[in-house]
Amino acid sequence: MTKKVDDCLFCKIVAKEIPSNIVLEGDDFVAIRDINPQAPTHMLILPKNHYDNLAKAEDAEELGRLFMVAKQLAELDKLKGFRVVVNNGRESGQTVDHLHIHILGGRFLKWPPG
Ligand code: 5GP
Ligand code: ZN
């Protein structure tokens, strides 16, 4: 059964209680376009199971599958280069406490990030 948290924005998006621009869906994830894109391509992979963030994640295989989806999404938008980001905790910039992977691309990305 999917781990769900009431009052979690991304749990509601996963459950389709809130509409989103879904790019791809699998048994244990939903990939959407970010509502406030920071690059021409900015997608988010949301595991259907709720974990507050990476520090609370439990299943190595589940995490591995999410990374394979990141690769698939980059192929979908034909990105030459792309960045995969997971913010963890307020200090890192995490604003939604449901684990998610950002995929950014379509422009030159500076390093280090701010
Ligand atoms: P964080 O800052 O937690 O790493 O990333 C949260 C991301 O979710 C942000 O990039 C933000 O723009 C995006 N976001 C917040 N609310 C919504 C929403 O309702 N729909 C979509 N598609 N993205 C959202
Ligand atoms: Zn959630």
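Among the residues of the range 69-88, write down those that are without any contact (Cβ under 8 Å) to a residue 12 or more places away in the chain and surrounded by 13 or more Cβ atoms within 10 Å (Cβ to Cβ). None; the set is empty.
Table: residues versus (1) in contact with a His (Cβ under 8 Å, 6 or more places away or on another chain); (2) assigned to a loop (DSSP other than H, G, I, E, B).
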| residue | (1), (2) |
| --- | --- |
| 4 | yes, yes |
| 23 | no, no |
| 27 | no, yes |
| 37 | no, yes |
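Do we find that residue 40 is surrounded by fewer than 16 Cβ atoms within 10 Å (Cβ to Cβ), modelled with pLDDT under 95, farther than 15 Å from residue 26 by Cα and more than 15 Å from the chain's Cα centre (by Cα) in this structure? So residue 40 does not fit the description; no.
Report, by residue number, each residue of the range 6-21 that is touching a residue at least 24 places away in the same chain (Cβ under 8 Å), out of contact with any Leu (no Cβ under 7 Å at 6 or more places or on another chain) and in a helix (DSSP H, G or I).
Initial filter on the range 6-21 (touching a residue at least 24 places away in the same chain (Cβ under 8 Å)): 8-11, 13-14.
Now restrict to residues that are out of contact with any Leu (no Cβ under 7 Å at 6 or more places or on another chain): 8-9, 11.
Once the filter is applied, which keeps residues that are touching a residue at least 24 places away in the same chain (Cβ under 8 Å), out of contact with any Leu (no Cβ under 7 Å at 6 or more places or on another chain) and in a helix (DSSP H, G or I), the range 6-21 yields 9, 11.
The values are calculated or read from the model by the stated rules, or taken from the named source; none is laboratory data. Note that the structure is predicted; figures quoted are calculated from it, not measured. Cβ: placed from backbone, ideal geometry, glycine included. Neighbour counts: every protein chain shown.
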